[in-house]
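See below for the structure under consideration.
The values are calculated or read from the model by the stated rules, or taken from the named source; none is laboratory data. Please read these numbers as outputs of a predicted model, since none were measured by experiment. Please note: Cβ atoms are built from the backbone with ideal geometry, for glycine as well, and neighbour counts cover all protein chains shown.
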Amino acid sequence: MRLLFLLILVSAVHSRRSWGTWKVSDEKLKIITTFGVQPFNKIEPELTRGFLFGNATAKTDEKSDVALLVIPETRFHSFRHSDFWQFSCPALMENISGILFEPRCLRNGRRGDHMRWIPCPKGKYCIDEDKPSQVIKGSQFTFRIDEPYVPEYWHIILVACRLDENCSWVESERLEPIEYDITLTNGHPVYGNWLTNQFSFEEQNILEVIFLGFVCFGMLSIVQGRSQVKSKYHILHLRSRLLLWIINLEVLRLGIQLFNMSIYALHGSAFSILNYFAELIRNLSVCLLCLLLLLLSSGWSLRKTGVSIKGYYVFNVWLIFSFAHLLVFTYDYVFMEAGRNYFDFVDSKVLHVIVGLRLVQGIWFLVEMKRTLRIETSRDRSNFLVHFGAAYMVWFTYYILLVLVSMAVSEFWRIKFVISVTTFANFVALACLVHIFWPTSSYRKFFSSDLMVHRTLSNGSSGAENDEYDMLIAVAMNSDDEDTPHTPFH
C-alpha cells in the first residue's frame, strides 16, 4: 500500500515543465532539471534553438537577490558536488562567471545571457530582461539557447548568491520562499514541431517508435486472433492462447505509453503512475514469453500426453524468477529512478540483476531443450527443435550484447537505440511463434493437439470414455495434418 502511495504522489516523470516552491533558507542550491538542447540551424533559428521561459515570484519580498542560472554540461561540475554544508558562493560561481553576462559586473560573458535575477516583480518582466519583445507571452523571462555544433545538456539551477557593491559573489540573506514555473522546449513553443518540442534531445522521436510498435503489435494481435477461425474446432490451443495474451499485453503497454507520451508532447509532463504500469506490463509480457519458451523446451505441447508433472515444476521455478524480476524492477523504478531517464535501462543500478536473471533462464532453456532432444524419437521434430532452440537462445542472450553496444553509443542516441532494438526483438520473437503455431502451418505436425480443449466435446462421458475419445480426435487430427498440404497463412 505504501508503494502504491509513493507512486501516486509523483504526478509527473522527467517533466520539462517544472513548477514548485524554493525555500531559499533551507536549500541554498536547487537543481530544477536537465534538458538536452538540439543543434542550432542558422537557416531555421527559431525552430532549432532551445527555449526556457516562465515565471518566478515571491508573495511580498520582491527584491531580486538570488540567481536563476542556465548552465551547460561542461560547466556543471562544481554544482554537481556542492551541498549545503560546503556551500560557498565565490567558489561555486568562479567556474561560470566567465560565461555569464550581467550589465553591472559581468559584461564580458562569452556565451550570452544565461542568468536572471529573481524573484521578478509581480505582473512585470524580470529586472534584467532587456528585450521584452522577445519574451514568450505570459512569461516574465525567456532564455534562448544556441548549440552551434552538437547537442548538449543544459542544467536549470536556482542558487542563493548575489553580486555585492564590489562585484563579488556573496550569499543571499533571503528568507521568503520563491514560487517558480519554468518550461523548456526544443524550438519555438508556438511555431515549433509539437511532436518534438517538449522532449529533450535524447527523447525526441521516441513517440514515433512507440506508435510504430503499437501498430505492428496490434496487427500481430489481429493475426493471432484470426488463427482461432483457421483452427479446426475454432478454439485456440493453450499455447496459442498464452501467445495471444503476451501479444495483447504488449499492445496494452504500448497503448499506455503512446497515450502518456502524447500528453507529454502537448503539456511537457506525464503521469508517473501510467509509466510505471506500462513498464510493469512490458516486464510481465517478457516473463510470460520466457515461460512459454521454457515449457516448449521441456517438451510441453510436443507430446500427446498433455501437461506433465515437469510442466508444473517449470511453472513453479519460473514463478520465482518472475517475482524476483518484477520486484527488482519496481524497486529500481520507485527508489532509484529520480536521477535518470526512465527509458534508459543502461543507467539502471540493478541492470546486472535483470541481465543475470535473463541469462540464467536462457541457460535453463538450453538445458531443457537438450533433455527433450535426448528422448525425442522423430528425426524431423529433432531438427525442428534444434533450429527452434538456437533461434530463441539468441533472444535470451541478446541483452548482454545490447548492453555492451549501448555503452558505446552516445547518451543522446542511446535511449532511442535501446527502445528500437528491444521492441523489434520482441516483435520478431512473437511473430515467429505466431507463424509456428498457425493452425495450417507446416510446423503444425510437430505439436500435439490440446486434448483439454476438445474434452468438452464429450459431455456426460466417463473419464475412461473421455480419454479414449480424446485419443481418437488426436489421431484423426494428426492424420488430417499429414494428408493436407500446409502453407504458412492459409
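Report, by residue number, each residue of the range 77-91 that is of a type in the set (F, W, Y) and at pLDDT 85 or above.
If the condition is that a residue be of a type in the set (F, W, Y) and at pLDDT 85 or above, then no residue fits.
Tell me, please, whether a residue that is among the hydroxyl-bearing types (S, T, Y), farther than 17 Å from E152 by Cα and at pLDDT 85 or above can be found in the range 40-56.
no
Give the residue, chosen from S168, S64, S172, S139, that is of a type in the set (S, T, Y), touching a residue at least 40 places away in the same chain (Cβ under 8 Å) and touching a Lys or Arg at 6+ places or on another chain (Cβ under 6 Å).
S172
Could you pull out the residue among G20, G36 that is in the same structural domain as I156 (by TED's automatic domain parsing), within 25 Å of the chain's Cα centre (by Cα) and modelled with pLDDT of 75 or more?
Result of the check over G20, G36: G36.
From the list L274, L284, L302, L291, exactly one residue is in the same structural domain as L433 (by TED's automatic domain parsing), at pLDDT 80 or above, more than 22 Å from S420 (Cα to Cα) and of a type in the set (A, V, I, L, M, F, W, C). Which is it?
Step by step, each of L274, L284, L302, L291 is checked, and only L291 is in the same structural domain as L433 (by TED's automatic domain parsing), at pLDDT 80 or above, more than 22 Å from S420 (Cα to Cα) and of a type in the set (A, V, I, L, M, F, W, C).
Is it the case, given these coordinates, that T372 is closer than 20 Å to L302 by Cα, assigned to a loop (DSSP other than H, G, I, E, B) and assigned by TED's automatic domain parsing to the domain that holds R226?
No, not satisfied.
If I filter the range 142-165 down to residues being assigned to a loop (DSSP other than H, G, I, E, B) and touching a residue at least 24 places away in the same chain (Cβ under 8 Å), which single residue comes out as surrounded by the fewest Cβ atoms within 10 Å (Cβ to Cβ)?
Y149
Could you count how many residues in the range 173-197 are crowded, with 18+ Cβ neighbours inside 10 Å, assigned to a loop (DSSP other than H, G, I, E, B) and polar (S, T, N, Q)?
2
Would you check which residues across the range 261-278 are surrounded by fewer than 21 Cβ atoms within 10 Å (Cβ to Cβ) and within 22 Å of D332 (Cα to Cα) and list them?
The answer is S269, F271, I273, L274, F277.
Quick check on the range 322-367: of everything there that is of a type in the set (G, A, S) and outside any helix (DSSP H, G or I), which residue is modelled with the highest pLDDT?
Selected residue: S348.
Inspect all residues belonging to the range 92-114 and state whether any of them is among the charged types (D, E, K, R), surrounded by 13 or more Cβ atoms within 10 Å (Cβ to Cβ), in contact with a Leu (Cβ under 8 Å, 6 or more places away or on another chain) and at pLDDT 80 or above.
yes
So which pairs qualify, if the first residue must be in the range 16-44 and assigned to a loop (DSSP other than H, G, I, E, B), the second must be among the acidic types (D, E), the Cβ gap must be under 7 Å, and the two must be at least 6 apart or on different chains?
Taking only residues 6 or more apart or on different chains, the pairs are Q38/E147; P39/E147; F40/D146; F40/E147.
Among residues belonging to the range 198-244 that are outside any loop (DSSP other than H, G, I, E, B) and aromatic (F, W, Y), point out the one that is modelled with the lowest pLDDT.
My answer is F201.
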